[in-house]
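To start, the structure under review is shown below, and the notes come after it.
Each reported figure results from applying straightforward, stated rules to the coordinates on display, with no laboratory input. These numbers come from a predicted model, not from an experiment. Cβ placement follows ideal geometry from the backbone for every residue including glycine, while neighbour counts extend to all protein chains displayed.
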Amino acid sequence: MIMMGQQQQQKELFSYQIDLDRRIRADNPLRQVAAAIDFSFARAEVESTYGHNGNVSVDPVVILKMMFLLFFDNVRSERQLMEMLQERLDYLWFLGYGINDPVPHHSVLSKARARWGSALFEQLFVRTVAACVSAGLVDGKKIHVDGSLIAAHAANKSIVAGPPELIAALRQAYREQAAKLEEPAPVTLPQAAATPTRLSTTDPDAELARRPRQPTRLSYKQHRVVDDARGVITAQCTTAGSVGEDRQLLGLIGEHEQHTSIAVQTVVADSQYGTAENFLACADRGLNAHMADWKTAHHPGGAAQAYFGPDQFVYDAASDTYRCPAGETLRRYQKRSHKPAWEYKTQRSVCAQCALRAQCTTSKIGRRLQRFERQAELDRLRLRANSAAARKDRRRRQHLMEGSFADAANCHGFKRSRWRRLWRQQIQNHLIAACQNVRILLRNRRPRLTAAVSAHKLAPACGRKLPHWLRPMNRPWLFN
């Protein structure tokens, strides 16, 4: 017979044989993260921000790992992370702590962010891209580009309105206050379209923007590049919410090529990027621009409009004029100030008396057309962008880009800013993108099992069948 046992609840006075390395299972995700990414580069990167005397800080490697855990497991706050450290043996092992070592105060993380700025976190993201390239998970020749809004940590009621001079003075006051707090200098983005008459007193860097069929609110925007092979994020940048996506295309292409050392051949994007300037810029670089045409999607005459489109106006190269559907002539009027294009129009009185006016325009000054100096080349590029191959790439782009942003939102808290100011939002986005790349890297580093190995190691000794999820017909990639 077997005697019944009873667990003794007495606390041990001494523990000499606690080995966290033995207590963490072999397939724990943090073991795989530690094997895939070397965080020790942080010491050299931030060494210049520390002095040579005074109190000894927490190891920068440990702080960076804590920041990584904050988003890798989508922990709600830094306070909660420090509370969880006492209970999670795998966290302690990952950070290099012993079971009885004291845990730092949560303010250590915010102070480190202010001391370091965003450069260190950008380096972490770039290193995850390099790890994916080394693992063969990045093709690099075909990329998908898109942007997504992020709700700022500020309410619309914090917005003050006033003349541009007052708003500029308020912005300068915030810059001076940030300098007193020894925060990193605000990042100046030449593409930023800051509203000159509105400013949030809670987060001066956030700007008003809105998603389709949703109310306007203070937001930031992340622009990212996703590789076609496995969905690895290879480049990204963070701007205020009102910055147009089309302005970031060339910069993102350059970052992708710098991070991967692979030249881009095909760019896939939606109509937000399909402007004439981007089509021509891609052609100058020798790139295939599989972008949806902005003119078709947004210009009068599109599928959702009831007006004559530009294609219904006939151009005569000999006289450099257009003929409208009513037979009237539109002549060259003036050059556009911000782009290499000319405007064409007819007399206002002619448009006012036209029988087809209701199908052409509602403007009081009459219908106008725009023609680029390289219009013939632009027409060929737009025709190529509507090919079967380009449409197929855009359908795949929907799957990759929407999946990438959805994964960031569901698993890493992407859609809501944790902190305020643009440089902190950049840190958040660098860490989220790094976490997503690491997960892609870990998914594709799992060893593949041959049929012989599966039969030898996976079949239970008692002769029962393999579990449903391990049968070859349900998990074929394990046996290839």
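Here is how the numbers come out for the structure above:
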item: Most to least packed among 97-106, 423-432 [average Cβ atoms within 10 Å]; result: 423-432, 97-106
item: Listed pairs Lys295/Lys335; Lys295/Lys339; Lys141/Lys339; Lys335/Lys392; Lys65/Lys111; Lys335/Lys364 exceeding 26 Å between Cα atoms; result: Lys141/Lys339; Lys335/Lys392
item: Packing rank of 119-129, 383-393, 252-262, 328-338, where each peptide gets the mean count of other beta carbons within 10 Å, highest leading; result: 119-129, 252-262, 383-393, 328-338
item: Distance between region 210-258 and region 316-355 - C-alpha centres, whole angstrom; result: 36
item: Mean Cβ count within 10 Å, highest first, over the residues of peptides 33-39, 205-211; result: 205-211, 33-39
